Amino acid sequence: MPNLNFHPAGRHYLQIPGPSPVPDRILRAISYPTIDHRGPEFGVLGRKILKDIGKIFKTQHPVVIFPASGTGAWEAALTNTMSRGDTVLMYETGHFATLWKKMAERLGLLPEFLGLHGLEGWRRGAQADMIEARLKSDPQHKIKAVCVVHNETSTGVTSDIAAVRKAIDSAQHPALLMVDTISGLASADYRHDEWGVDVTVSGSQKGLMLPPGISFNAVSPKALEASKQATIGRSFWAWDEIIEMNKTGYWPYTPNTNLLYGLSEALDMILEEGLEQVFDRHRRLSIACRTAVEAWGLEIQCVDAACHSPVLTGVMMPKGVDADHVRKLIYEHFNMSLGAGLGKLKGMMFRIGHLGDANELTLLATLCGCQMGLQMAGVQLKGDGVAAAMKHLQATATAQARHPQETIDIPHTEAKVLNSQSEAMVGTA
Ligand SMILES: *Cc1c(COP(=O)(O)O)cnc(C)c1O
């Protein structure tokens, strides 16, 4: 039996693109005693969370919280709005888009998978013009929803959701717009209301810095209206009862009390830093990470500069190098976890997460681990990626301390005693 309590010294570097490292402040909040979810104390917590969570999605409309992983919120988005046999247009950005499509099939929907051929589609964001053209060729409006992954975690590519909205509007098509930003929320700019998204799906364990276990649906009035006609069947996921009870700060069934303590803390942390500042921090770290990969002379999975994810970077291996072997070396020698290549990209790349509770030095440590592991695996590196990232971070550094260093007078009593002692010693010498 391996000893499950064994952890090597120092912190494990959890650099997968979710779950991301959980800050101590959130871990402490989660450790408070579990309370009665029907009691008055819970109501205060519930109302506070439900008021603040909309600021993260940038919505005035309801955000439904489920005690489930992100996959549950995917299912909730489809089962609340669709009926068996409905056609849904899903865009293939990568592995997660593929999993959402499989779910749609299992639920008895007719997903149509749109995308560029082969791996090309996995290197770019959703092509809004393709979506527009497909919707224009659907005059009978058989397509009931357009589903897009905002931040494709398997590739490190984001999609322009505002452009997808525009495509739907240009085609004058009534389909709902559903967006998965499970790994984008609170890391990459996202605007549920402004971009006219009908259902936004998200989860706790990525940008929100929480453990896995809660997930979200932000719901537009149009999606809520559609849910009244949708007949696919739902009970646990049904929005109506949850939204009704949420008005008082409670849930129809037992919510994930301790994770909600953590969510409350996470919301405080993000809003204290400022959402835009959080986005800037992610953007800057992601540029530094790409600078390192380019200096190594390795290829980045995302080939469109406008779509680079601020959350993670997909690093392609040269021909003949097994990315999973590199990850294994790094894990075993340097206690760091990196994301594996998923689906079509298995073994071809690894993914560096730089999301959530991340800063300059956590990124640099991560890049050091990668650089050592790559060299140990015999990968020929063109240059020193760590040095290149340092240079970028140094050049773009701004003083960010909440409490700037002050000059303070340290009392000198002890020092004087020492001085007089040494003087005395000098005197006796
Ligand atoms: C993590 C992730 C999921 C899956 O969420 P789970 O919490 O693992 O169920 C779906 N989509 C994207 C884009 C993700 O990053």
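The values are calculated or read from the model by the stated rules, or taken from the named source; none is laboratory data. Because the structure is a prediction, the values reported are computed rather than measured. Cβ: placed from backbone, ideal geometry, glycine included. Neighbour counts: every protein chain shown. Please note that ligands, DNA and RNA were not included when accessible areas were found on the heavy atoms of the full protein model with its side chains. Shrake-Rupley method; radii C 1.70, N 1.55, O 1.52, S 1.80 Å.
Here region 154-269 is treated as an ellipsoid with the same Cα gyration tensor; its semi-axes, largest first and in whole Å, are 25, 21, 11.
Multiplying the residue separation of D268 and Q400 by 0.36 nm and subtracting their alpha-carbon distance yields 45.7 nm. Charges were assigned to the Cβ only: +1 to each Lys and Arg, -1 to each Asp and Glu. The resulting dipole of region 23-73 about its Cα centre is roughly 220 debye.
Ignoring ligands, DNA and RNA, what percent of the 1.4 Å accessible area of region 33-145 is carbon and sulfur?
Numbers: 2710 of 5030 Å².
It is 54 percent, rounded to a whole number.
Can you give the charge dipole size of region 165-215 about its Cα centre, rounded to the nearest 20 debye, using +1 on the beta carbon of Lys and Arg and -1 on the beta carbon of Asp and Glu? Provide the component values of the computation, followed by the final result.
Details: 4 positive and 6 negative charges, 23 e Å.
Here region 165-215 has a charge dipole of around 120 debye.
Our estimate of slack between H141 and K328, defined as 0.36 nm per intervening residue step minus the Cα-Cα distance, is 62.4 nm.
DSSP finds beta bridges in the chain, and of those with both partners inside it, around 50 percent are antiparallel.
How large is the accessible surface per residue of the chain, computed with a 1.4 Å probe and reported in Å² as a whole number? The partial results should precede the final answer.
Numbers: 20140 Å² over 429 residues.
In whole numbers, the chain has 47 Å² accessible per residue.
Of all accessible surface on region 186-335 at a 1.4 Å probe, what whole percent is carbon and sulfur? Let's see the in-between values first.
On the way: 3010 of 5780 Å².
Here carbon and sulfur together make up 52 percent of the probe-accessible area.
Of the residues M390, I161, W237, the one whose Cα sits farthest toward the positive end of the charge dipole of the chain, with +1 on the Cβ of Lys and Arg and -1 on the Cβ of Asp and Glu, is W237.
Between the Cα long axis of helix 323-334 and the first principal axis of the chain there is an angle of about 30°, rounded to the nearest 10. Our helix-only sum for the chain, with -39,500 (n - 2.57) per DSSP H run of n ≥ 4 divided by its residues, gives a mean residue ellipticity at 222 nm of -13000 deg cm²/dmol.
I need to check one value: relative contact order of the chain, counting alpha carbon pairs closer than 8 Å and at least 6 residues apart, in percent.
Values: 814 pairs, mean separation 92.2, N = 429.
After rounding, I find 21 percent.
Each of L27, L259, Q140 was placed along the dipole of the chain (beta-carbon charges, centred on the mean Cα), and the one lying farthest toward the positive end is Q140. Comparing region 24-272 with the 2.2 N^0.38 Å rule of thumb, its C-alpha radius of gyration ratio is 0.99 (two decimals).
Rounded to the nearest 20 debye, the dipole magnitude of the chain is 800 debye, with +1 charges on Lys and Arg beta carbons, -1 on Asp and Glu beta carbons, and the Cα centre as origin.
Considering only the other residues whose Cβ falls under 13 Å of the Cβ of D138, what net charge follows from Lys and Arg at +1 and Asp and Glu at -1?
Working: positive: R134, K136, K142, K144; negative: D86, E112, E132.
Computed value for this residue: +1.
For the chain, the longest principal axis of the alpha carbon atoms and the long axis of helix 257-273 meet at an angle near 70°.
Relative to the present Cα-Cα distance, how much length would full extension add between R38 and A365 at 0.36 nm per residue of separation? Present the calculation step by step, with values, prior to reporting the outcome.
Values: separation 327, 0.36 × 327 = 117.72 nm, distance 4.48 nm.
Full-extension gain reported as 113.2 nm.
What would the Debye formula give as log10 I(q)/I(0) at q = 0.09, 0.13 Å⁻¹ for the alpha-carbon point model of the chain, no solvent? For the requested q values the scattering log ratios are -0.61, -1.15. Taking Lys and Arg as +1 and Asp and Glu as -1, the other residues whose beta-carbon sits under 13 Å from that of Q127 total -2.
Charged neighbours of D280, selected by a Cβ distance under 14 Å, balance to -1 (K, R count +1; D, E count -1).
Since only V197, G184, N246 are under comparison, the one whose Cα sits farthest along the positive direction of the charge dipole of region 24-272, derived from C-beta charges on Lys, Arg, Asp and Glu, is N246.
Here the calculated FRET efficiency for S69 and Q380, from their Cβ-Cβ distance with R0 = 30 Å, stands at 0.15, rounded to the nearest 0.05.
At most 15 other Cβ atoms within 10 Å and a DSSP loop assignment: could you name the chymotrypsin sites (Phe, Trp or Tyr not before Pro) in region 232-278 that fit? Walk me through the numbers before you get to the answer.
Values: sites: F236, W237, W239, Y250, Y253, Y261; in loops: F236, W237, Y250, Y253.
Those satisfying the criteria are F236, Y253.
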